[in-house]
Amino acid sequence: MKQTIISLFLLLMGGVLPMKAVNITVGGTTRSYNIIVPKNLGENRPLLIFCHGYNQDANWMQNEEFKNDNVSMEAVCDTAKFICVFPNGIDRAWETGGDRDINFIKAIIEKMVTQYKIDRNRIYMGGFSMGGMLTYNAINKMSDQIAAFVSCSGPSVVTPKSGLRPIPLLHIQGTADNWGGVQPALNPWIKHNGCSTTEKVISNYNGFSGAKLHIWGPGNDGVEVRLIELKDKGHWICKEKQVYTGKEIWNFCKKYSLNKTTPNVKITAPTTGDKCISFAPSGQASFPEITITASADDPNGTVEQVAFYDGTTLIATCTAKPYKATLTTTKVGKHTLKAVATDNDGETSSASVEVTLQAPTSLTISTDFKEGGALPAGWTTYDSSERRTGYTSGYDKGCRVLQFTGSPKGFNYGLYFRNINGKAKQGYAKYGLSGAGTTLRLAPGHYTLKYKICNWNMSNFGDVELAVEKRTGSTTIASQTYTPDINIGNAASNSFSSPAQQAFEFDIAEQGDYVIAIYSAASEWSDCIVGQLILSANNYVSTGISSMYNGQGTMYNGQWIMDNEFYSLQGRKVTNPQKGIYIKNGTKVVIK
């Protein structure tokens, strides 16, 4: 008892008032929360709302998870002068997808505005575990009231809704706690914010060998997505002296406010992660011009100019709408395209996206099959009902990447697509269509497409057609039909052996932008799983007429070679060519 009185005395003499448990009625239900209020708070101060995990409560969150011998949440609040509220969930849990607890959070905010005159523009929200899941739900429903969001060991259960503003987001998680699910959860938000997909990594963060900081951005409106990786940590709040979670949350959130005075700027095209891939002889790769467009406005004035950069190189400066510039380059690699808006007060904001120019001789397209429930950038699928275009994620049915967990298994991930109505070419996956984030440019030459394909739920198997098509007009250049001999059996946990690698060879007669198309069979609910796809250029040849055909073969190194593998100028194989111009080994030949 004596110790309790002394502790209370010291708390009162310090900078923070003792913990309060407060009741509030929301929707006819009595709810409660704990609150930390620094002494001498003043008006227009920030508010942080932090939600506990499943089977926990506000007391546990405040007194166990945020307690530390060196620092406490009370000390952080007192130093920075902000209020921290720990709400209590119903039955020690949260409704992570509906509005019941969202309305609770809104009611807390209104109570704090009335009682403490907090700054509406500096309200922040976070949560641990299930509380982090609630936080992700709040992003889509309360982004007009909350300036920044934090999740600690709480996986995302939502993806950004259309029209959502750029969202500052911090995620903290240990590598021993479902670490494989963190990156897929963050990818949609990184993309939504227009952040570079290449993160900046700071190892030994804050001098702590067990921590690593990943930073994506700044993206649109200067926001960042951050991830603090905690080596070997499990499902708990980090309370190390160097990486104290309460302090990390505040240091991230305090940078953001809803009433920013700097310009708003967003790059509307291209999208971060876009690729231009050019197969061509060494040093001859060509890439399409990239048109960069941006939107910009100023909350308390006018936008004077928007300057566009490729890295540090100025491309163009626009002093009036439309804000746009054109990048013309053959430089292979990643390009950080940036738009910098300057307002009438001289304040600036920037937005950036990252695009990649590649000039490979071989490309493993299936490398991008690495996130279950997503459609990778570059791909478009159609199942006769729904069309999906990458990069998109959050799918638990329909065309998407599946992660296989059986043992043994032929591959870890595969792209699944289907044909619902059974009509010809009504179920497909295509790589390189406009709008999907990848342009595939092929120079004249002879190519090989290696693939491993099986069926998903077709015990009697179903034919799969592979085709190379022109991007514009969808003209088929060459095609091949393959019948799989492995069916996985409609469950990602099933075991299956690796399909034999197949090869599809084709010739390209003229340089252009092309699409790799894969069609499932013309039968109801036919399907396909693509587990491997590798495109290689065997050789490049000119498109001029190379020889005259005398009816006996084709001229090669001064000799006629007997064969009949000719293609029309439209790319279709011709078994018995008549007089005219044809394609042979990627070159034009004339039959006399």
Inset, instruction - On a 0 to 90° scale, report how tilted helix 182-192 is relative to the longest principal axis of the chain, with both axes built from alpha carbons and the result rounded to the nearest 10. - result: 80
Inset, instruction - Just read off the accessible area of LEU363 with the full protein assembly in place, 1.4 Å probe, to the nearest 10 Å². - result: 20
Legend entry - Ratio Rg/Rh [Cα only; Rh per Kirkwood] for the chain: 1.07
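Hey, what did region 419-512 get for relative contact order, percent, Cα under 8 Å, at least 6 apart?
About 35 percent, as a whole number.
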Legend entry - Nearest-ten-degree value, helix 100-116 long axis tilted from longest Cα axis of the chain: 40
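What is the sum of charges, Lys and Arg at +1 and Asp and Glu at -1, for the other residues whose Cβ falls under 13 Å from the Cβ of ALA517? Write out the running numbers ahead of the final one.
On the way: positive: LYS425, LYS430, LYS470, ARG471; negative: GLU465, GLU469.
Once positives and negatives cancel, what remains is +2.
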Legend entry - Inter-label distance for LYS331 and SER32, nm, one decimal - labels placed 7 Å from Cα along Cα-to-Cβ: 6.2
Legend entry - Positive-end residue, the chain charge dipole about Cα centroid, Cβ charges, pick of GLN56, CYS528, SER32: SER32
Inset, instruction - Would you be so kind as to identify which of ASN421, ALA21, GLY580 lies farthest towards the positive end of the dipole of the chain, taking Lys and Arg as +1 and Asp and Glu as -1 on Cβ and the Cα centre as origin? - result: GLY580
Legend entry - Gained length - SER162 relative to ALA424, 0.36 nm times residue gap less alpha-carbon distance: 91.0 nm
Legend entry - Where labels lie 7 Å past Cα in the beta-carbon direction, separation of GLU505 and ILE24 in nm: 7.2
Inset, instruction - Evaluate the relative contact order of region 245-357 (contact order divided by residue number), counting alpha-carbon pairs under 8 angstrom at least 6 apart; express in whole percent. - result: 33
Legend entry - More than 17 angstrom apart: percent of Cα pairs within region 367-408: 29
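As an exercise, find the ratio Rg/Rh for region 284-413 from alpha-carbon atoms, using the Kirkwood inverse-distance average for Rh. Write down the numbers at each step before the final one.
Details: Rg = 20.1 Å, Rh = 18.1 Å.
Across region 284-413, the Cα-based Rg/Rh ratio is 1.11.
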Inset, instruction - Calculate how steeply helix 2-13 sits against the longest principal axis of the alpha-carbon atoms of the chain, using the helix alpha-carbon long axis, and give the answer as 0 to 90 degrees to the nearest 10. - result: 80
Legend entry - Rounded FRET efficiency, nearest 0.05, which uses the C-beta distance separating SER257 from LYS370 and R0 of 41 Å: 0.70
Inset, instruction - Positive end of the charge dipole of the chain (Lys, Arg +1 and Asp, Glu -1 on Cβ, about the Cα centre): tell me which of TYR256, TYR323, ASN121 has its Cα farthest that way. - result: TYR323
Legend entry - Dipole moment magnitude, nearest 20 debye, region 246-405 about Cα centre, only Lys, Arg, Asp, Glu C-beta charged: 320
Legend entry - Apportionment of accessible area to carbon and sulfur, region 346-485, percent (1.4 Å): 41
Legend entry - Taking the C-alpha atoms of region 342-382, convex hull volume expressed per residue in Å³: 167
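Based on DSSP, what percent of beta bridges with both residues in the chain are antiparallel, to the nearest 5?
Values: 123 of 159 bridges.
Roughly 75 percent of the DSSP beta bridges within the chain come out antiparallel.
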Legend entry - Inter-site label distance for ASP91 and LYS579 at 7 Å from Cα along Cβ, in nm: 8.6
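Got the relative contact order for the chain handy, in percent, Cα pairs under 8 Å and 6 or more residues apart?
On the way: 1531 pairs, mean separation 52.8, N = 592.
Result for the chain is 9 percent.
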Legend entry - Cβ-derived FRET efficiency at R0 45 Å, LEU314 paired with ASN70, nearest 0.05: 0.40
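Suppose all protein chains stay in the model; what accessible area per residue would a 1.4 Å probe give for the chain, in Å²?
Numbers: 25620 Å² over 592 residues.
I get 43 Å² per residue for this part.
Ignoring ligands, DNA and RNA, please state the percent of accessible area on region 132-227 from carbon and sulfur, probe 1.4 Å. Don't skip to the end; give the middle numbers.
On the way: 1520 of 3070 Å².
After summing per-atom areas, the C and S share lands at 50 percent.
Go ahead and estimate [θ] at 222 nm for the chain from helices alone: -39,500 (n - 2.57) per DSSP H run with n ≥ 4, summed, over the residue count, rounded to 500.
Values: 6 runs with 70 residues, N = 592.
Mean residue ellipticity, 222 nm, calculated: -3500 deg cm²/dmol.
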Inset, instruction - Could you work out how far the C-alpha centroid of region 222-298 sits from that of region 40-95, in angstrom? - result: 27
Legend entry - Principal axis dimensions, largest first and in whole angstrom, of region 211-291 by Cα: 56, 39, 18
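How large is the charge dipole for the chain, taken about the Cα centre, if only the Cβ atoms of Lys, Arg (+1) and Asp, Glu (-1) carry charge, to the nearest 20 debye? All intermediate terms of the calculation are to be shown ahead of the outcome.
Details: 57 positive and 49 negative charges, 32 e Å.
Its charge dipole is roughly 160 debye.
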Legend entry - Distance histogram in 5 Å bins (all Cα pairs of region 422-553, percent per bin): 2, 10, 18, 19, 17, 14, 9, 6, 3, 1, 1, 0
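The values are calculated or read from the model by the stated rules, or taken from the named source; none is laboratory data. Predicted model, so just to flag it, every value in this text is computed and none were measured. A quick note on method: Cβ atoms are made from the backbone with ideal geometry, for glycine too, and the neighbour counts reach across all protein chains shown. Just so you know, the surface numbers come from the protein's heavy atoms only, side chains and all, with ligands and any DNA or RNA stripped out. Shrake-Rupley method; radii C 1.70, N 1.55, O 1.52, S 1.80 Å.
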